[in-house]
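Peer 1: Below you will find the structure I want to go over with you.
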Amino acid sequence: MMVESMSQRSQRVWLITGCSSGFGKIFVSAILAWGDRVIATARDISTLSNFAHCDDVELLELDITDSQHVLNDKVSKAIAMFGQIDVLVNNAGYVLSGVLEELSQPQILDQFNTNVFGPLNLTRAVLPHMRSRQSGTIIFMSSIAAWKGVAIGGPYSASKFALEGFVESLQKEVAPLGVNLHLAVLAQFRTDILSAQRRQSGRGVNSIRDYDAAVDAFQSRLEQTNGKQPGDPIQAVERIMDLVYRRGYFADQRELPLRIVLGSDAVEIVRDECQQMLDDLKKQEQFGTSTDYPSRGEVEKYE
Ligand SMILES: NC(=O)c1ccc[n+]([C@@H]2O[C@H](COP(=O)([O-])OP(=O)(O)OC[C@H]3O[C@@H](n4cnc5c(N)ncnc54)[C@H](OP(=O)(O)O)[C@@H]3O)[C@@H](O)[C@H]2O)c1
Ligand SMILES: *[C@@H]1O[C@H](CO)[C@@H](O)[C@H](O)[C@H]1NC(C)=O
């Protein structure tokens, strides 16, 4: 596919959640630099004042945990701003860590509301528009946490696992209708996500001594990683834009993958997890296939 020059191509309109910080903020700048239009959203719209005077930006207050009908209204407003939405980036999210026995159910639910149900609700609000145009791209920000569970990392991992599971299914539902879904599986990137103000932990009054050492070690690891993550978020945003615009690496790819894996630690983790599973499966193969009825019925493959 040829790379189109700016005058040849029509401008695309992006809608991005969580633009007050990190990846969201970087997306807005990168899209403007590329010459496209963007609806930048945040819970607190005053955090977007940097962008207030750009012609190609509209600002919209949006909390992804709002109810479905509020999100539907926001999406109608967003569509009216530039007449369409071509790309939605479900970016907003945060990290909750902690051990199951110490976390409260409301804390876990809040993690899922923000990282899973919010993005799915917003996607539900945008899909009718994209289906009617038989065109659109939706990006979901996933993580190595969706590929590897680590001690004390349960809530965030569970939320990203759940997100990937739903998106993998949804992709197969909407791809035949012209809507492309993608998961960006991100390593550790240098945003504010691990700052003390942003990351949340489930250690409260009910801390259990048995977990002290593990929790302390995990928390101090996050603290030490904050600001020193190996991944450059500006580069990650450019790679995601390569996918959306089919430029760079994707310029001559016939099919776009559901997942792109970004950051060398992410490439390593996904590879190691797959290898580990293959190794386990090989050892267990006879064991695992021993549970069928002797005369195995003919059913269609699960797909
Ligand atoms: N950085 C990494 O290493 C990394 C790795 C894997 C995946 N990710 C994913 O990348 C995405 C962006 O993270 P980031 O690294 O850019 O972190 P960040 O700098 O902390 O930014 C997170 C953004 O999400 C917003 N947000 C949180 N809850 C929200 C809600 N209910 N409604 C609307 N916005 C909300 C925050 O807004 P407020 O300012 O209002 O809080 C903020 O703008 C997240 O989904 C994260 O899980 C990041
Ligand atoms: C998502 O939409 C459902 C209704 O479809 C609503 O019950 C829920 O509160 C919404 N938001 C979240 C974060 O779950």
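Peer 1: Among the numbered criteria (1) in the same structural domain as L100 (by TED's automatic domain parsing); (2) surrounded by 13 or more Cβ atoms within 10 Å (Cβ to Cβ), which single criterion is violated by V267?
Peer 2: (1)
The rows are residues; the columns are (1) more than 32 Å from the chain's Cα centre (by Cα); (2) assigned to a helix (DSSP H, G or I).
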{"position": "A236", "(1), (2)": "no, yes"}
{"position": "L243", "(1), (2)": "no, yes"}
{"position": "L256", "(1), (2)": "no, no"}
{"position": "R271", "(1), (2)": "no, yes"}
{"position": "Q275", "(1), (2)": "no, yes"}
{"position": "Q284", "(1), (2)": "yes, yes"}
{"position": "S295", "(1), (2)": "yes, no"}
{"position": "E298", "(1), (2)": "yes, no"}
{"position": "Y302", "(1), (2)": "no, no"}
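Peer 1: Of these, L96, L120, which one is within 16 Å of ligand 2 (Cβ to nearest atom) and touching a strand residue (DSSP E or B) at 6+ places or on another chain (Cβ under 6 Å)?
Peer 2: Unique residue meeting the criteria: L96.
Peer 1: So, one more: Output the number of the condition that R254 fails; it satisfies all remaining conditions of (1) modelled with pLDDT of 95 or more; (2) exposed (fewer than 15 other Cβ atoms within 10 Å of the Cβ).
Peer 2: Among (1) modelled with pLDDT of 95 or more; (2) exposed (fewer than 15 other Cβ atoms within 10 Å of the Cβ), R254 violates only (1).
Peer 1: Moving on to the next point. Modelled with pLDDT of 95 or more, away from ligand 2 (no atom under 12 Å from the Cβ) and out of contact with any Gly (no Cβ under 7 Å at 6 or more places or on another chain) - does that describe any residue in region 108-116?
Peer 2: The answer is yes; a qualifying residue exists.
Peer 1: Go over the candidates I26, I39, I64, I31 one by one and state the one that is at pLDDT 95 or above, near ligand 1 (Cβ under 10 Å from one of its atoms) and either within 19 Å of A236 (Cβ to Cβ) or buried (at least 24 other Cβ atoms within 10 Å of the Cβ) (or both).
Peer 2: One residue alone meets the criteria, I26.
Peer 1: Which residue pairs have Cβ atoms closer than 8 Å, lie 6 or more positions apart in sequence or on different chains, and pair a first residue in region 77-98 that is farther than 26 Å from R133 by Cα with a second residue that is acidic (D, E)?
Peer 2: Pairs that qualify, where the first residue is farther than 26 Å from R133 by Cα and the partner is acidic (D, E), are L96/D110.
Peer 1: Could you grab me the full set of residues in region 42-59 that are in contact with a Leu (Cβ under 8 Å, 6 or more places away or on another chain) and either crowded, with 21+ Cβ neighbours inside 10 Å or not charged (D, E, K, R) (or both)?
Peer 2: A42, I45, L48, F51, A52, C54, V57, L59, listed by residue number.
Peer 1: Here's a follow-up. Inside region 41-91, can you point out the residues that are among the acidic types (D, E) and either on the phi > 0 side of the Ramachandran plot or under 19 Å from the mean Cα position of the chain (by Cα) (or both)?
Peer 2: Hits for region 41-91 are D63, D66, D86.
Residues checked against (1) within 18 Å of P155 (Cβ to Cβ); (2) away from ligand 2 (no atom under 16 Å from the Cβ); (3) without any contact (Cβ under 8 Å) to a residue 60 or more places away in the chain:
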residue: N180; (1), (2), (3): no, yes, no
residue: L183; (1), (2), (3): no, yes, no
residue: A187; (1), (2), (3): no, yes, no
residue: R190; (1), (2), (3): no, yes, yes
residue: S207; (1), (2), (3): yes, yes, no
residue: A214; (1), (2), (3): yes, yes, no
residue: R221; (1), (2), (3): yes, yes, yes
residue: D232; (1), (2), (3): no, yes, yes
residue: V237; (1), (2), (3): no, yes, no
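Peer 1: Right, here's the next one. Specify which of the listed residues (S169, S142, S159) is in a helix (DSSP H, G or I) and surrounded by 18 or more Cβ atoms within 10 Å (Cβ to Cβ).
Peer 2: Just one listed residue meets the conditions, S159.
Peer 1: More than 16 Å from ligand 1 (Cβ to nearest atom) and not in a helix (DSSP H, G or I): is that true of S207 in this structure?
Peer 2: yes
Peer 1: So if I check each of F218, F250, which one is in the same structural domain as A30 (by TED's automatic domain parsing), aromatic (F, W, Y) and in contact with a Leu (Cβ under 7 Å, 6 or more places away or on another chain)?
Peer 2: F250
Peer 1: For residues that are crowded, with 17+ Cβ neighbours inside 10 Å and of a type in the set (A, V, I, L, M, F, W, C), scanning just region 67-78, find the one that is farthest from ligand 2 (Cβ to nearest atom).
Peer 2: A78
The values are calculated or read from the model by the stated rules, or taken from the named source; none is laboratory data. Please read these numbers as outputs of a predicted model, since none were measured by experiment. Ideal geometry is used to build each Cβ from the backbone, glycine not excepted, and the neighbour counts take in all protein chains shown.
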